[in-house]
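Please treat every number below as a calculation from the coordinates, not as lab data. Predicted, not measured: the structure shown is a model, and the values here were computed from it. Ideal geometry is used to build each Cβ from the backbone, glycine not excepted, and the neighbour counts take in all protein chains shown.
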């Protein structure tokens, strides 16, 4: 306990960094993934899903490494880390957007068309609100995955709780590893619980 | 509104589901499209509000091709109501007025008015969600939603088919009253409903119009003999039972 006490200030700082990395990535993934999901559902399903699928298959450490030499978005630090996490978070959001839109009763969609809604009005007033509970499930998966993967971002100097883990591995100190791993796990569980509650309220 | 279908054909799955249909409906008429399942009735209705494009022929409403803007002055009611499940009764009814950009006070007043018109108490139903409503109430809201923006043409696609017989006749009466003298096209497979709700009946079989007659002469026409037989048998049974 005293060990935790000694490191408390840094644990809090690292937790803040960790949250900023993973929530920033999740937010970005929502902003990009939602329109991509709509696009995939409307006409470009195969190419869009193929791209986000392929990103998912790249090992995370490799993706962080691959971003290092890129201009503007690459290098070391938080920016490439957020971008890598964002790319991982896209898949669940794009997929659940497609599934959510597909799951709407076609009679409801036709009613909106038949009453004179434009494509845009139909999407914003009828389809997205109805698909939203499903999309929130995707956001939850994206957020929880980001919190887990963000631990590895410390490898490219992005900070976060992974810093303790890498330091602990380097000096073979389990206490240091746990100092990073336990709060990261707690964050993931907490996020999962909160977003599940949101999902239940919506559906 | 006037409706004109001229030599219209619609294909689906490699065959014609509407064949050479020519039909003119004048302002103020109440027309029923009657026929068995698969006769092309619903497709004809969807042609009128532009949800289906003809492979051949032309469809005009008030002389124009139906677009999104024109659709807002055409009321549209489908089986089970197809209410928006995430919107309250009031927001469902306000859907088209919202699209048209009416101000809030005008929408509020119209929602109350039109709910009353279909026999629903506004205070009780305004905030209700569709899943809490009975089948009959859902359909009343569906009609109210279609009437909200004062359409000049009403299209109804089997609106009462899912209701039990007692409720159906009650709703037919209430809806007929709510529609007033609005030009109406009703799709139904029920000859009694067609006779109750319209002045003119168009009989479709296999995608083609086989009879277009005023209500009074309809059952005497040879093309409607099977409907006349069914009606006679029903009358005989009812006569005995009453």
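Tabulated data
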item	result
Whole-number percent relative contact order across the range A:17-106, with pairs defined as alpha carbons under 8 Å at least 6 apart	47
Per-residue Cβ neighbour rank within 10 angstrom, fewest leading, A:4, A:193	A:193, A:4
Crossing angle, helix B:165-179 versus chain B [Cα axis fit, 0-90 degrees, rounded to tens]	70
Kirkwood Rh in Å, taken over all unlike Cα pairs in the range B:84-151	11.5
The range B:122-216: C-alpha pair distances exceeding 20 Å, %	42
Distance (nanometres) between label positions extended 7 Å along Cα→Cβ at residue A:32 and residue A:202	2.1
Residue order, fewest to most beta carbons within 10 Å, for B:150, A:14	B:150, A:14
Within chain A, helix-based [θ] at 222 nm, where runs of 4 or more DSSP H residues each add -39,500 (n - 2.57), nearest 500	-26000 deg cm²/dmol
Helix axis angle, A:78-102 relative to chain A longest principal axis, alpha carbon, degrees	30
Chain B: angle of helix B:104-117 to the longest principal axis, Cα-based, in degrees nearest 10	50
Least to most buried among A:64, B:84 (fewest other Cβ within 10 Å first)	B:84, A:64
Cα gyration tensor category, rounded, prolate or oblate, for chain B with a/c compared to 1.5	oblate
